[in-house]
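As structure tokens, the structure follows; a few thoughts come after it.
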Amino acid sequence: MIEQDFKDKVIIVTGASSGIGKATASMAIERGAKVSFVARRESELKTLGSKLSAESFEIIPADLTKDEDRKKVIDQTVKRFGGIDVLVNAAGIIGSGTIENTTLEFWDIMMDINLRSLFRLTQLALPSIIERKGNIVNVSSVTGVRAFPNVLAYCVSKAGVDQLTHCAALELGPKDVRINAVDPGVVLTNLHRNSGMEEETYQKFIEHSKTTHPIGRVGKPEEVAELILFLASDRAGWITGGSFSIDGGRAQTCAR
Ligand code: NDP
């Protein structure tokens, strides 16, 4: 039964204060999990927790670009719940820039949260995940597998997430640990607004996205959370090393 998928399982969800991470965290609890909510904004994590039973979650405010905060996420989860079964790496940012105008500083900021922090948090979680024969789900993007202009550093960071997933799957398979990635198209969250996009530009982008996604609409965070939680569940026990498109067909489009 889907409601029992995560009975007695412990899940860390990064980016739980908003969008895809938030939807994943609350749906995981509905399906029986104990969940650590991780993001910088404690107030948003508290708001999420206010509708849920206090035994089912732990709030861990953390800036994942800081090593002491990454360690805190692992230590606090193990202390509170006894171990880690699943790590969902959903925290991330987007920003625009081309090969010519992307500064080294901007490149470093993008890589730091989207790829470097994900790599290090995964490393820190692995001893417990290996012990419990658990799994990892990384939130990448259609930009990890397809090229788009003017989001160069973001695309490269997400390609890194996909390839980290593929390589680690080969190394972790013999330890009975699975690792997969999801590659969403445009999803209605705060990602683009947080990148500094004006509201009017954002609304135009969402409208235009209806034409760039063959299914004719953008995605909802809950739709991506469904795929994340399927991959995290035992029902996906023979799936590892995959990057799964969830994008209304966007990854299959090409210029004509
Ligand atoms: P949101 O902006 O709604 O959520 C991003 C989350 O990441 C927030 O919870 C934010 O929390 C957290 N975060 C950002 N920086 C840090 C940091 N330094 N430390 C800890 N947490 C951080 O966007 P989405 O839900 O859309 O994004 C989730 C993932 O999905 C991202 O990896 C994104 O690249 C990916 N994605 C999104 C798509 C979309 O169209 N929305 C498409 C494809 C992929 P806080 O600010 O509280 O720290």
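The values are calculated or read from the model by the stated rules, or taken from the named source; none is laboratory data. Model, not experiment: these values are computed from the prediction. Here Cβ is always computed from backbone atoms with ideal geometry, including for glycine, and neighbour counts include all displayed protein chains. For the accessible areas, the whole protein counts, side chains as well, though only heavy atoms, and no ligand, DNA or RNA atoms are used. Shrake-Rupley method; radii C 1.70, N 1.55, O 1.52, S 1.80 Å.
Just a few scattered comments:
- Net charge over other residues, Cβ less than 11 angstrom from the Cβ of residue 213 (K, R count +1; D, E count -1): +2
- Taking every protein chain into account, the accessible area of the chain amounts to 49 square angstrom per residue (probe 1.4 Å).
- Using just its DSSP H runs of length 4 or more, each adding -39500 (n - 2.57), the chain gives a mean residue ellipticity at 222 nm of -13000 deg cm²/dmol after division by all residues.
- Taking amide H as placed 1.01 Å from N in the peptide plane, the amide H of residue 241 sits under 5 Å from that of 179, 180, each at least 5 places away or on another chain.
- Placing a pseudo-label 7 Å from each Cα along the Cα-to-Cβ vector at residue 198 and residue 108 gives an inter-label distance of 3.1 nm.
- Cβ-placed point charges (K, R +1; D, E -1), dipole of the chain about Cα centre in debye, nearest 20: 300
- The chain: angle of helix 117-131 to the longest principal axis, Cα-based, in degrees nearest 10: 30
- Residue-wise HN-Hα couplings along region 85-90, as the Karplus relation 6.51 cos²θ - 1.76 cosθ + 1.60 with θ = phi - 60° gives them from phi, are 9, 9, 10, 10, 8, 10 Hz; Gly and Pro carry x.
- All-pairs alpha carbon distance profile, the chain, 10 Å steps from 0, percent: 7, 32, 38, 18, 4, 0
- Between the amide H of residue 246 and those of 183, 185, distances stay under 5 Å, these residues lying 5 or more places away or on another chain, with hydrogens modeled in the peptide plane.
- Acute angle (nearest 10 degrees) that the helix 199-212 long axis makes with the longest principal axis of the chain, alpha-carbon atoms: 90
- Region 224-241 versus region 1-30: alpha-carbon centroid distance in Å: 12
- Accessible-area composition of region 36-159, carbon plus sulfur, in percent [1.4 Å probe]: 55
- Given charges at Cβ of Lys, Arg, Asp, Glu: region 135-256 dipole, positive-most of 203, 252, 236: 252
- Taking 167, 155, 254 and ordering them by how much accessible surface each has at a 1.4 Å probe, largest first, produces 254, 167, 155.
- Per-residue accessible area (protein heavy atoms, 1.4 Å probe) orders 129, 93 as 93, 129, starting from the largest.
- Taken as Cα centroids, region 32-56 and region 127-194 sit 23 Å apart, rounded to the nearest whole angstrom.
- Once the Cα atoms are used to define both axes, helix 19-30 deviates from the longest principal axis of the chain by about 30 degrees.
- Candidate lysines - alpha carbon under 16 Å from residue 175, same-chain residues fewer than 8 apart omitted: 133
- Residue among 138, 150, 89 with the largest mean-square fluctuation in a Gaussian network model of the chain, springs linking Cα atoms under 10 Å: 150
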